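Notes follow once the structure below has been shown.
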Amino acid sequence: MEEEAVRLGEAVKQFSVFLENKAGELLSVVRLLNDAKVEVLGLSVQDSIDATMVRMVVSDPETVETIFMERGIPYGCMDLVVVQLPGGSTNLSRILSSLLVAEVNLHFSYPLLVHPEDKAVLALCTEDREIASHVLIKNGFKVLYQDDLSR
């Protein structure tokens, strides 16, 4: 029996930015993006004594990339899997179990600030985005794409 093909959309982009560990650095980046009409939709901050790494999902990745290049702000960009959690966090174990059965490693994860369709949303960095997306969809989860989050 042939398995139905799953159509994947454009991946959700995550920007990683290294900032000095001093008051107001993150605020200045968020204001810079807001001034360009870009919303920060998800945020993860990892702090150390001398530097801070900020991971962010934004409403307009192309504009952010242009801003960062024009301003000389060093950044990295990667694709994420973004999945809705129907019924809230009770489905987290189902998501993790689905990935485990498929032997897809999870590198890190964080919730997004937006809740499309009033449902919790989780950003996942996996070793293989396409396989993770297929597995989650096959197990009944809704995977979101950049167009689902951009306005």
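I'm trying to understand the selection: among the residues of region 55-64, which are in contact with a helix residue (DSSP H, G or I) (Cβ under 9 Å, 6 or more places away or on another chain) and either aliphatic (A, V, I, L, M) or surrounded by 15 or more Cβ atoms within 10 Å (Cβ to Cβ) (or both)?
Going through region 55-64, the residues in contact with a helix residue (DSSP H, G or I) (Cβ under 9 Å, 6 or more places away or on another chain) turn out to be 56-61, 63-64.
Residues satisfying the conditions are Met56, Val57, Val58, Ser59, Asp60, Pro61, Val64.
So for region 108-124 (the condition being within 19 Å of Gly9 (Cα to Cα), in contact with a Cys (Cβ under 9 Å, 6 or more places away or on another chain), hydrophobic (A, V, I, L, M, F, W, C) and not in a loop (DSSP other than H, G, I, E, B)), does at least one residue qualify? No; the residues of region 108-124 include none that is within 19 Å of Gly9 (Cα to Cα), in contact with a Cys (Cβ under 9 Å, 6 or more places away or on another chain), hydrophobic (A, V, I, L, M, F, W, C) and not in a loop (DSSP other than H, G, I, E, B). Of Pro74, Pro86, all but one fail to be within 19 Å of the chain's Cα centre (by Cα) and closer than 30 Å to Lys138 by Cβ; the exception is Pro86. Glu103: more than 18 Å from the chain's Cα centre (by Cα) and either under 16 Å from Gly42 (Cβ atoms) or not in a helix (DSSP H, G or I) (or both), yes or no? The answer is yes for Glu103. Selection of first residues in region 31-44 that are outside the structural domain of Leu112 (by TED's automatic domain parsing) and part of a loop (DSSP other than H, G, I, E, B) and of second residues that are surrounded by fewer than 17 Cβ atoms within 10 Å (Cβ to Cβ) and among the hydroxyl-bearing types (Ser, Thr, Tyr), restricted to Cβ pairs under 6 Å at least 6 apart or on distinct chains, gives the following pairs, ordered by first then second residue: Ala36/Thr63; Val38/Thr63. If you go through region 77-120 and pick out every residue that is surrounded by 14 or more Cβ atoms within 10 Å (Cβ to Cβ) and in contact (Cβ under 8 Å) with a residue 60 or more places away in the chain, you end up with 11.
Of all residues in region 125-151, which are part of a helix (DSSP H, G or I), of a type in the set (Gly, Ala, Ser) and in contact (Cβ under 8 Å) with a residue 60 or more places away in the chain?
Filtering region 125-151 for residues part of a helix (DSSP H, G or I) gives 129-138, 146-149.
After this cut, where a residue has to be of a type in the set (Gly, Ala, Ser) as well, the list is 132-133.
Once the filter is applied, which keeps residues that are part of a helix (DSSP H, G or I), of a type in the set (Gly, Ala, Ser) and in contact (Cβ under 8 Å) with a residue 60 or more places away in the chain, region 125-151 yields only Ser133.
Being surrounded by 13 or more Cβ atoms within 10 Å (Cβ to Cβ), in the same structural domain as Val17 (by TED's automatic domain parsing), at pLDDT 90 or above and assigned to a loop (DSSP other than H, G, I, E, B) is the requirement here; does Ile67 meet it? Lay out the reasoning, then the answer.
Working: surrounded by 13 or more Cβ atoms within 10 Å (Cβ to Cβ): yes; in the same structural domain as Val17 (by TED's automatic domain parsing): yes; at pLDDT 90 or above: yes; assigned to a loop (DSSP other than H, G, I, E, B): no.
Considered against the rule, which asks whether it is surrounded by 13 or more Cβ atoms within 10 Å (Cβ to Cβ), in the same structural domain as Val17 (by TED's automatic domain parsing), at pLDDT 90 or above and assigned to a loop (DSSP other than H, G, I, E, B), Ile67 comes out as no.
The values are calculated or read from the model by the stated rules, or taken from the named source; none is laboratory data. From a predicted model like this one, the values you see are computed outputs, not experimental measurements. Positions of Cβ are backbone-derived with ideal geometry, glycine not excepted, and every protein chain shown enters the neighbour counts.
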